[in-house]
1. Would you mind computing Rg(Cα) / (2.2 N^0.38 Å) for the stretch 95-243, counting N as its residues?
2. When the accessible area of the chain is computed with all protein chains present and a 1.4 Å probe, what percentage of it is carbon and sulfur?
3. Describe numerically, in nm with one decimal, the distance between label points set 7 Å from Cα along Cα→Cβ at residue 123 and at residue 258.
4. Hey, with R₀ at 25 Å, roughly what FRET efficiency would residue 87 and residue 178 work out to, going by the Cβ-Cβ distance, to 0.05?
5. Could you tell me the ratio Rg/Rh of the stretch 1-132? Both radii from Cα atoms, Rh via Kirkwood.
6. Per residue, what accessible area does the chain have, given a 1.4 Å probe and all protein chains present, in Å²?
7. So how much slack lies between residue 269 and residue 56, counting 0.36 nm per residue of separation and subtracting their Cα-Cα distance, in nm?
8. Going 7 Å from the Cα of residue 75 in the Cα-to-Cβ direction, what parts of the stretch 164-192 have a backbone nitrogen less than 18 Å from that spot?
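The values are calculated or read from the model by the stated rules, or taken from the named source; none is laboratory data. It should be emphasised that the depicted structure is a prediction, and the values quoted were computed from it without experimental measurement. Every residue, glycine among them, receives a Cβ derived from its backbone with ideal geometry; neighbour counts consider all protein chains shown. Please note that ligands, DNA and RNA were not included when accessible areas were found on the heavy atoms of the full protein model with its side chains. Shrake-Rupley method; radii C 1.70, N 1.55, O 1.52, S 1.80 Å.
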Amino acid sequence: MSDVPKLTQDEAFARIRLLRSANIGPVSYAQLLGRFGNAQEAIEALPDLAARGAKRNYKPAPRDRIEQEVQAARKAGARYLFHDQPDYPANLAAMEGAPPIVTMRGDLSLASRPCVAMVGARNASAAAVKLARDFARELAAEGFVVVSGLAKGIDGACHEGAMPRTIGVIASGIDIAYPPQHAKLQEQIASEALLIAEEPPGTQPRGQQFPKRNRIIAGLSMGTLVVEAAPKSGSLITARLAGEAGREVMAIPGHPADSRSHGCNQLIREGAVLVQTPQDVVELLSGFDGTPRSSVRESGQDFVFDDTEEDLPADDIAAMLSAAPVAVDELVRQTGSTPGAVQMALLELEIAGRLERHAGGRVSLV
C-alpha cells in the first residue's frame, strides 16, 4: 500500500463534495472516480451526465456546505478516512458498496485486528443482555475486537463487555449521540476504543440510515453473531449482509415460545452456524480463510469502465427496468452491450435520480 499517492487537501475536499452531491452513492462514486481519475473532474461532469439521464439543471453539492461539514468534523475531534488510504480497513474495503468516506474518532488500529460483529434486539431479555456482555468479554480476552451498533439492549451490552476492544458504528453523524441514553457510552468508545460514522456531522439518525450502518458492522468483521432478535429486525439485516459478503453468520438459539428468539432460530434454519459458547465463535473465526461454514449468502459483480466503450442511451436501459430489482449482468446479456456501456447508462440514470441500487449487484427504477 506504500505506492498509494498521497491525497491532497483539494482532492480530499472534492471527494467529500462529490459524495455529498445528489444521487451519488458508493457505487456511483467509485465509478465516477474510475472514469474521470479525480473527484474535481467528476464533479464537473455531473450536470452533463444527469442531463443524459433526463435530469436538467443538476447542481453538485455547494462548496460552502462542505466547508461547514469539515469544520464540524474538526470541532468534534474526528478525522476523515478515504477508501484508498492505507489504513482503511481491508475487510470493509472488500464489502460490496463499502462507504468511500467515513469519519472516525479513536484507535483505528482496532479495525485491522480480528473483528467479530455482535448484534441483537433492543428490547432484549435480561438473560440475553447478560449473555451478550459475557460473550463479548470472553471474545475480547481471546484477542477479538467486538463490533456493534450502539443500540439499546444487546449492542450496548456487547460494547460494555468488550471495552476497550470494541468498535461502535453509528447511523448518525459522528457528533450526534444516539440513542441519547448511550451518550456516555458513545463518548467512552470514541475516547478509549473506536467510533465510526458514515453520515456527515450533524446528521440525525433516520430509518434508511440504519441498514447502511449495518453493512459497515458486517463489513468490518470476519463473522456476525446474532444473540437475540425478532424475525424482522436490523440484526437479521446485518447477518444477511455478512452472508452476502462471504463472512461467517452465527446465531445463538433461543426458546421457541419467546418471539425475541425467532429471528435467531430462523437464521439457523437458513444456514447460520448454531453457537452456544464463546469458544464456538473462537474456533469458527480463528484462521478464517474466507470460506464460511454458514450458507446465508449471495454475491454481485463489479465492472470496470473503458474509455473505448460504446455509447448506450440511458433511456434504452430505463425502458428495460421496472420497480422489480434485476441483476446488472442480466442487463448486459439482454442488451448485448459491454458491461462498461451498461454501467455508464446506469450511472447516468442514478445521477438523474431515476435508479435505485440493491444488494447483490441488482438495480431497479425509483
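1. Compared with the compact-globule rule of thumb, the stretch 95-243 sits at 0.91.
2. 49 percent
3. 1.5 nm
4. 0.45
5. 1.06
6. Values: 16130 Å² over 366 residues.
Value for the chain: 44 Å² per residue.
7. Working: separation 213, 0.36 × 213 = 76.68 nm, distance 4.93 nm.
The span from residue 269 to residue 56 would gain 71.7 nm if fully extended.
8. Those under the cut-off are 172-178.
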